[in-house]
Structure formats: structure tokens, C-alpha cells
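Notes for the one structure printed next.
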Amino acid sequence: MADGDNKSASMLAQDTAQLEEQLQGWGEVILAGDRVVRWEKPWFPGALMGGTTMLFLMIYYLDPSVLTGLSCAVMLLCLADYLVPTLAPRVFGSNKWTTEQQQRFHEICGNLVKTQRRTVGWWERLFALKKEKPKMYFASVISSLLAVAWIGQQVHNLFLTYLIVSFLLLLPGMNQHGVITKYASMAKREINKLLKQKEKKNE
């Protein structure tokens, strides 16, 4: 068991180091974005939502086709991949890179690797469920897809995408400031109250 844990930790460290090397040119930008999504300043959530809202309003106003939107998105990614590693050191100053920043960059890369592993793990569990319990797999997948299709039919695609993107951008900050824990605890208390009231009625 210990050998397996050591091997897993070694692979995690190796993957993290490899990702750090690949994202080294984006280091300053990633750290700046990390400060924003973790709400290091009180006005960061408002700025984040304002920027996201402006972006989606622009998309709504221009109303591009799927092919045009996809092409523009890939083009912007290619431009960013070319320009950011070149311009970031000039804008942020590579000589200002401190040990604390390097440690935070290492933590971010480690979290990205862990997230990737969790995603792959869930995918593998899904295929394991397909082999072991095909009926349960079929029922759960079909019901989930039907629910998603119904939601997509009820809510405008762009607005639904806006809500999902906004939630994902605000999630790190809510987690950092304990918002999720606070409301999860409140929901848990309310559920426990309802269960106790139900038990008393049954008695």
C-alpha cells in the first residue's frame, strides 16, 4: 500500500513538474488570474462578473454562427499562445518572480493535474459501471441526458452557457472565502430539521 502511495505521489510530482515547464511562459498571467478568481480584493468578483457579462452581451449582439464563433475562439487562443509568452515578461517583469509566486504557481499546476486525474477517474468509473452493471449505466446515462436536454430546451443556450461560465469563474472565490461551506451547512441544518419534524409526525 505504501509503495503504491509513493508511486502515485511520484507520478503526481512528475506530471506537475512537466505541466509547470509547459506553462512557464504563462506563469505571470496564471498568477494574475488566480488572484482575481480567488477574490484577493473586494472588487474582483464585480469585475469578473462585469467582464463576463460584457463578453456574452457582445456575443449576443453579434450573434455569430457556430462555425464563425468556433473559428474566432480558436484564432484568439492561437494569438494568445503566441503573444502571451512574449509579452508577459515585459508587462509583469520577469525579475519580480519571487519564491512565494513560484510556490503558488507550483500549487496551481498541482491542482490542475489532480483535477485532470479526477476527471479521468470518473470517466473510467463510468466505463467500469457499463461493464459491471449495464442496466444501471443505461438508465443513469439516459436519464441524465434527458434532464440536460430538457433544461437546454427550457433555457436559452447562450444564457445557460453564461450561467455555467459565471458559476465556474466564481467557484474558486466562493470556496476560498467559505461561501460554499456556509450555505452547504445551512442547507444541511434545514434538511435535518425537516427530517426531525417528519419523524415526530410519524411518532
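The values are calculated or read from the model by the stated rules, or taken from the named source; none is laboratory data. It should be emphasised that the depicted structure is a prediction, and the values quoted were computed from it without experimental measurement. Glycine gets a Cβ as well: all are built from the backbone with ideal geometry, and neighbour counts include every protein chain shown. In case anyone asks, the SASA skips ligands and DNA or RNA and just uses the protein heavy atoms, side chains included. Shrake-Rupley method; radii C 1.70, N 1.55, O 1.52, S 1.80 Å.
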Could you tell me whether segment 63-70 includes any residue that is open to solvent by 80 Å² or more (accessible area, probe 1.4 Å), more than 23 Å from L31 (Cβ to Cβ), at pLDDT below 90 and among the hydrophobic types (A, V, I, L, M, F, W, C)? yes
Do we find a residue being among the basic types (K, R), open to solvent by less than 100 Å² (accessible area, probe 1.4 Å) and under 27 Å from T99 (Cα atoms) anywhere in segment 39-55? no
Can you find even one residue in segment 78-91 that is at pLDDT below 90, among the aromatic types (F, W, Y), closer than 30 Å to Y162 by Cα and touching a Pro at 6+ places or on another chain (Cβ under 8 Å)? no
Name every residue in segment 152-165 that is in contact with a helix residue (DSSP H, G or I) (Cβ under 7 Å, 6 or more places away or on another chain) and either open to solvent by 90 Å² or more (accessible area, probe 1.4 Å) or without any contact (Cβ under 8 Å) to a residue 40 or more places away in the chain (or both), in order of residue number. G152, L160
Looking at segment 119-151, which of the residues that are within 30 Å of T53 (Cα to Cα) and open to solvent by 80 Å² or more (accessible area, probe 1.4 Å) is nearest to the chain's Cα centre (by Cα)? T119
